[in-house]
Each structure stands twice: as structure tokens, then as C-alpha cells.
Amino acid sequence: MSIITRWKSPPHPSGDSVPDFRYPVLRNSKTGIRLAHIQPGSGSRAIAIDLLEDYVTGPDRTPYDALSYTWGDGLRDKNVFCNGKRLPVTKTLWEALNRFRHPDDVVTLWVDWICVCQERVRERNAQVNMMGDIFKSARKVIVWLGDDYDDSRAGMQLAKQLLHIALYQPVSGLAPTDLETHGLPKRGHKRWKALALILRRPWFWRTWVVQEVAMNPNVELVLGSLSFTWNELEMIVSLLEGQLPQQWDLDQAVTALELPFSRINRIRLRHQRHMMALIRQADSDTDPQSEQENQHESEPDLLDLLFMSRHLGATDPRDKIYALLGLGKHDVSPDYSMSPYSVYTDFALQMIGTVTNELEQRLPLGLDMSADDFEVRRAMIMLSCAGRQNQDPSPKLASWVPDWSVDLRARPLIFGVGRRFSAGGTRLGLFDWQPDSGLQLCGKIFDTIHQAGRVRLDHSDLDASKGSHAHIAEWWREAQTIALARTVRSPGSFAHLDAFDALRRDLMLCKHGYYTGKEQQSHRHGSLLDDSESPSDPAHSATRTLVLGPTRGRVLFVSAAGWVGLAPHGAREGDLVFVAVGADVPYVLRSCGDGYELIGECYVQGIMDGEVMGMDWIGVQDVMIR
């Protein structure tokens, strides 16, 4: 360890007379880090820091705690004194440093904004690459949720009461009817609302926090003068939402019915189980049962993590990927000299490359690839996240590249609705990428869209003043009007069942347009922390429809030949319905010069089980997706 500079306290530092701090170059770019030694102080006394160079690994490294917090708006309008010089920081960080410094002792922290020179790209790349080790090597991770506001003291008092119930009473969950029994306030009480606001504070919506809390078993969450451990908060949330399912299911990531804590905690628990599996493997290399457990708890790949954390935000769009590198399998190196669009494209090309490389090896041997092969499945899941529907309104990405900075507009159909689909059959066709042409797929152009709806259902409608139920009713009326306007009976109809009614039943929609599918997860918090929907009519749940239903982000359409289905919102007359060989679901494509743009997934009643592959009058052709 080497001291960079020792800060000497000026009697009364003046902001205008003190020069700005400048970062020296780290001596060891591979394992070297900086640690912030917060000097004793309290009250209005200026925050003073000694910045020391240290190492993330090794027997002589200095013990430290890692600080996890939100950057806020990024405005650096507060000053601290680093090695005797002025260093501007955000208000949020200033509040955290002021909260955690000690009146009499030096406190040693790793803090990203202070310990990493953000303007030096090469250093930033190296430090982000070590971020997992930095948080894993800390004594503990301190989460700063912020000071007291929004009646947070009342919310924390309720949390302490819930923790006592979780620790000392034999209950696994709470329902509204249980509140009086446990001496808890009634549903809708201000203490429930205060707790809900705490559990939805900005910190819980950051991508970086996933890695920060997953890598270290000791996590303390601090709000004002009160605190919880992560494990204690897990017990509290389990009372509200029920126990987390043990199965790792990507489709759970796109639900917005659970608290962000639960989605972060699912990744944390998965990582901990994976680490325990590695320990068991080291202890018993020849135990077959242990090998089976290790395979079940294998390390998630980066696509898994991107799915599970897509709802979380990042100040820098590149961090949607870079913030997860310490947790999963990948072949990505952080490079902040690249644009976010290049980072997203390179990752998509890696996913495609695993498939094309395997195809190149198999084709000379006369072998093909199954749609269930791991690499194929991952590539298809990636495509379900792409399309103009799921990109920024002014896209700079190719249409087949997912924009990870944008939330999914709809629940991916690739996971199925009650069952998995197989529109393109069970064997993969041509799947390649050319720099000058784009993504090349083979399949059948099935039909063109003749008419598509315009009313869009979105999760944000739950908070709209218009009313979510009224919006669902409007969508349903439009869908019925389009379906009834068909000039021919849909080929997807049955003898005594029209295609539109068959679509409704297959997609688990009631006669009023509400999604009635049963989910495995328990979402108890909807009746305790939220007061947005009355449980008096569970069959007509706007929350379930606008979060999990297949109509969210989609509209009803009728094809030129009379087929009915669901297409991404924004689909229009003339768009093509394309069934790629080996794909679970059809895609909507739009002509663009000498190729096509991917708009998104679609559903067509009557062709979701591979029927198109048997239609010999429709030829297979290659298409280029730009």
C-alpha cells in the first residue's frame, strides 16, 4: 500500500481558494484500487478524505467497506476535500459520506465516484472489470437509501414490526385478513404507503446494485438513522409477497407485480447457490448427486441477467451490460470508448455467433440444430427482446439488436401463454449475419397485415387518470370491430368456433378482454402496499392484464387472407407475417429497401404449432433483417 497524498486540515478551507483535485495514475492497473479514508468529523465541519492506493486482492490489502448508493441527477453541487484539494460530488454522495463518517475514527470506504477517475477511460474500463472482486472483497456492503422523507420513519417502524413477526411468529405470509390478528394497521394506512415508498426508493431501480449486493453476503441497508440487513429485509418482503420460487425462470423477469427488491434478490440467491455448488464440487468431485446439483445451479449467462434486470435503470446505457459482468458467463470486456449502440450490437453478435459457428461445424456432417439447443434457444430469446417495438423511437440500432436501455413493451410470446409455441417447427434453418447485409434468416412469408388496431395497452395505464379498466374496454371494443369486419371466414376457425373466439380462449382472455391466466408466483404486496385495485372482482384484474397479459403492447390484426392474430402496437397495413424456420413464434417484418426491419413477435390463430411448415404452396426463402 502506498499513500498518494496525506491531507492536511486547513483551519477554515475556502472553496474558491482550494485547487481542484487531480487523480494520479494508478501504479498497478490490474489489481490496484483507491480507498477513501474518511477523516473524523461531524456537523458542519467539511468532509475530508485521504485517498490511498491499495489492492483488491492480496494478504496486505487494507480492510474496507463498499458503499452502494444512487448518483441522483449527477449534478456535482457539493464539495469534499480529497487530499487537501476540492472534489465536487453529488448531493446524494455528500449525504452518505456525512452519515457514515465517525466523530473520532477514520472510516475506510470504497466509493465509485471518489475512488475511480470517471474521465479516464482506460482506468474506468479496468476498474469496472474488477467491480465484482471489489464488492466481494469488502467486509460488507453499505447501502445508502437516503435521508428521512415521505414519512419514512413510520414506514421503518412498520418494517421493524413485520420483522418481529417474521422472526418470532409461525407465519409464512400475510393477507389483508391477517392484519388485525398481528396488531398491524389496516390496509391503506399511511404506514403501509410509507413502507411501499421505502421499498421503491431510487436505489432499488439501479442496475449496478444487482452486482453490488449479490457478490457479498454481508449487506446493510441504511435509511437515515435506521438500518436493516439484507437478510432481514428478505424476511419482511417474504411476508408481503410470499417465498421466492426456487426455479430460475426468465419469464419471471418481465413481471412488474413484485417489488424490485424481489427481482434483485432472486439473482442474489441464484449467485449464492452457484457459489455453494462450486464449493460442493471442490469437496466431492466424484459424487454424482453433487454433479447434478452443480449443473442445476450453474452460473447464469449474461442474457439471463439482462432479462432479469431489464426493468432497472443506469445513468450510462452501457452499464446495462457492464454492471452485470461479475455475475455471469460472458465474453465481454468493458470499453467506455464504444457507444452504447456498439456495445449492444457486439453482445447480440456474440449470441448469434455461437449459433452460426455451431451450424458451420454441423452442416458439412449433414447435421442440423434443434430449436431446443441451448445456443438456438438463447438466440431466439434475444430476438424476442429486439424489434422496433422494443427500441428507442429514434433507433440507431439494427432492428434485430435489443435495446437494453428500453423496457420491454410486451411480455415475450416466446415463453408461451399457457403453453410453448412452435410456429417454425423443431429444426433451425439458416441463421447467419453479414456485415453488409444484416441478419439472415430463412422461413416463409406467410401473409400481409390488412388491418391492425391502434389502441395500445401499457403497464403505465395502471396509473393513468383515464382508468385502466376503461382502457382495456376500449382495446377490446376495437378488437371486436376489426374481427367482425373480416370479409371471409378466417382459416384459423373451427366448425363451431370462430377464429377470434378461439384466439380469446387460447390466450386465456375472458369475454371482456381481461387476462385470466394463473401465475405461479404469489404477489401479496398488491393487497398490502398498494391500494390501486379492489380485489372484489379477481376475474377482471387490470393489473394482471396490463402486466402479464398477451394484449399488453399488442393490437389485434387481420391479414389479407383473413387470419386473425396479435401484432406489436405500431404494426400497419402491408407489414409481413414471417415464420422463421425453427422459431417459436412468427415475426412482423416491414420492407425497407433491399431488406426488412423486424417490428416484433406476433401471434396468429391457427399456425402456432408448425402448420405453416406443412403448407407446401408457400416457399421457403431467405430474408435479410436490417
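The values are calculated or read from the model by the stated rules, or taken from the named source; none is laboratory data. Values in this document were obtained by computation on a predicted structure and should not be read as measured data. Note that we place each Cβ from the backbone using ideal geometry, even for glycine, and neighbour counts take in every protein chain shown.
Show the residue pairs that are 6+ apart or on different chains and have beta-carbon atoms under 8 Å apart, the first residue being within segment 376-391 and in the same structural domain as V581 (by TED's automatic domain parsing), the second being of a type in the set (G, A, S) and assigned to a helix (DSSP H, G or I). From segment 376-391, the pairs are M382/A348; A386/A348.
For segment 356-404, the set of residues classified as in contact with a Ser or Thr (Cβ under 8 Å, 6 or more places away or on another chain), at pLDDT 90 or above and not small (G, A, S) consists of D372, E375, V376, R378, R388, Q391, L397, V401, listed by residue number. Within segment 47-77, the residues that satisfy the criterion of being modelled with pLDDT under 95 and under 20 Å from W144 (Cβ atoms) are T70, W71, G72, D73, G74, L75, R76, D77. For segment 505-519, the condition holds for at least one residue, the condition being that it is out of contact with any Gly (no Cβ under 7 Å at 6 or more places or on another chain), modelled with pLDDT under 85 and assigned by TED's automatic domain parsing to the domain that holds A473. Looking across segment 564-586, the residues that are closer than 22 Å to D501 by Cα and either modelled with pLDDT under 95 or part of a strand (DSSP E or B) (or both) come down to V564, G565, L566, A567, P568, V577.
Does S490 satisfy the condition of being in the same structural domain as G416 (by TED's automatic domain parsing), at pLDDT 70 or above, polar (S, T, N, Q) and not in a helix (DSSP H, G or I)? I'd like the intermediate steps shown before the answer.
On the way: in the same structural domain as G416 (by TED's automatic domain parsing): yes; at pLDDT 70 or above: yes; polar (S, T, N, Q): yes; not in a helix (DSSP H, G or I): yes.
Against the criterion (in the same structural domain as G416 (by TED's automatic domain parsing), at pLDDT 70 or above, polar (S, T, N, Q) and not in a helix (DSSP H, G or I)), S490 qualifies.
Can you go through V111, V107, V116 and tell me which one is among the aliphatic types (A, V, I, L, M), modelled with pLDDT of 95 or more and over 20 Å from L223 (Cα atoms)? Of V111, V107, V116, the one residue that is among the aliphatic types (A, V, I, L, M), modelled with pLDDT of 95 or more and over 20 Å from L223 (Cα atoms) is V116.
Looking at segment 171-220, which of the residues that are part of a loop (DSSP other than H, G, I, E, B) and aliphatic (A, V, I, L, M) is surrounded by the fewest Cβ atoms within 10 Å (Cβ to Cβ)?
Filtering segment 171-220 for residues part of a loop (DSSP other than H, G, I, E, B) gives 171-175, 179-189, 199-201, 207, 215-218.
If we keep only those that are aliphatic (A, V, I, L, M) as well, we get 171, 174-175, 179, 184, 199, 215.
Numbers: V171: 13, L174: 23, A175: 10, L179: 16, L184: 20, L199: 20, M215: 24.
Applying the filter and picking the extreme gives A175.
Restricting attention to segment 132-148, does a residue exist that is in contact (Cβ under 8 Å) with a residue 12 or more places away in the chain, hydroxyl-bearing (S, T, Y), surrounded by 18 or more Cβ atoms within 10 Å (Cβ to Cβ) and outside any helix (DSSP H, G or I)?
There is no residue in segment 132-148 that is in contact (Cβ under 8 Å) with a residue 12 or more places away in the chain, hydroxyl-bearing (S, T, Y), surrounded by 18 or more Cβ atoms within 10 Å (Cβ to Cβ) and outside any helix (DSSP H, G or I).
Considering only segment 43-82, how many residues are closer than 24 Å to R139 by Cα, of a type outside the set (A, V, I, L, M, F, W, C) and either part of a strand (DSSP E or B) or touching a residue at least 60 places away in the same chain (Cβ under 8 Å) (or both)? The qualifying residues number 13. Among the residues making up segment 130-175, none is within 19 Å of R99 (Cβ to Cβ), modelled with pLDDT under 95 and hydrophobic (A, V, I, L, M, F, W, C).
With respect to the conditions (1) out of contact with any helix residue (DSSP H, G or I) (no Cβ under 6 Å at 6 or more places or on another chain); (2) assigned to a helix (DSSP H, G or I), L367 lacks only one, and its number is (2).
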